[in-house]
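The values are calculated or read from the model by the stated rules, or taken from the named source; none is laboratory data. Note that the coordinates shown come from a computational prediction; the quantities given were computed from them, not determined experimentally. Glycine gets a Cβ as well: all are built from the backbone with ideal geometry, and neighbour counts include every protein chain shown.
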Amino acid sequence: MTGAIWRLTWALAVRRRRLLVWNLLVPILLLVPVMTSAAAASHRAVVVTVFVMFFGAYGSCIPLIRDGMSGWVEKVWLTGFGGRRWLVERTLASTAVDWMQLLPVNLLLSVWLGMTIEAGLAILVATMFALLFANLLGALVAAFVRALGEAALGCAVLSLFTLHLAGVFRTPAPGSWWAVAEAWSPLRPLHDSWARALLSGSGEVPWAAGAIPAVALGAMLVFVAFAGDWLAARIAATGSGG
């Protein structure tokens, strides 16, 4: 990667000040009242996990579709930059921007709820896991739809399905394939870290439990990188309706 798309993504995120303010304020306005309420810890953990998943998936997919419709992706190809490099660099930069936009609300809640440094750090790492997974999923959706409406529906359906697989909405029976899917889900560390922090605010964080989701996330990133040229070509075809 040359870093050109990374720098461009960050420059656009900073210069679009109105959108930046909204992306910083909306998480605070939505999550702080819920996360500091008297609702059960398990319910609050579900809310923040769902929010992060949708925040990342939509934030990745919708701009990619717009780039395809405007012809921007095709122009990138004509420069010889390469579809794979463009898609991977764009996805990683989008993930980093999302993480920074959620950093204020994560820090605010960590202090407000009296979490230990270890518990707060676990949430920040788990948030990065979840956002990278959501951004990769958004890129995949963008490659298979041809309109913003389709993108919104595709992100909603797949996000809810992956959240269900992660055990966010239910507790799977031990030894079932649902339990296996939950153990491998990159969303699971985020749900567990929030549930643990909300219940006690402290305690030892089982970092080893994140090893399996990290492997799954790495495999997904490799797949997107391997199929990057094909995926980018499909996104570019959005502009021609192909």
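Just a few scattered comments:
- Test: residue in the range 132-153 that is without any contact (Cβ under 8 Å) to a residue 40 or more places away in the chain and in contact with a helix residue (DSSP H, G or I) (Cβ under 8 Å, 6 or more places away or on another chain): no
- Of all residues making up the range 14-63, the number that are more than 17 Å from S193 (Cβ to Cβ), among the charged types (D, E, K, R) and in a helix (DSSP H, G or I): 3
- Scope the range 74-103; condition among the β-branched types (V, I, T) and under 24 Å from G218 (Cβ atoms); matching residues: V88, T91, T95, V97
- Test: residue in the range 116-131 that is of a type in the set (D, E, K, R), under 14 Å from the mean Cα position of the chain (by Cα) and either modelled with pLDDT of 95 or more or part of a helix (DSSP H, G or I) (or both): no
- Lone unmet requirement of (1) of a type outside the set (A, V, I, L, M); (2) modelled with pLDDT of 90 or more; (3) out of contact with any Leu (no Cβ under 7 Å at 6 or more places or on another chain); (4) buried (at least 16 other Cβ atoms within 10 Å of the Cβ) for F161: (4)
- Yes/no for E74 being of a type in the set (D, E, K, R) and at pLDDT below 90: yes
- Qualifying residue in the range 36-46 (condition: surrounded by fewer than 17 Cβ atoms within 10 Å (Cβ to Cβ), without any contact (Cβ under 8 Å) to a residue 60 or more places away in the chain and among the β-branched types (V, I, T)): no
- Any pair with Cβ under 7 angstrom, 6 or more apart, that starts in the range 83-96 at a residue that is more than 22 Å from V125 (Cβ to Cβ) and aromatic (F, W, Y) and ends at one that is part of a helix (DSSP H, G or I) and modelled with pLDDT under 95: W86/I5; W86/V76; W86/A232
- Residue in the range 79-90 that is surrounded by fewer than 17 Cβ atoms within 10 Å (Cβ to Cβ) and part of a helix (DSSP H, G or I) present: no
- Filter pass, R16 being basic (K, R), modelled with pLDDT under 95, more than 15 Å from L131 (Cβ to Cβ) and surrounded by 13 or more Cβ atoms within 10 Å (Cβ to Cβ): no
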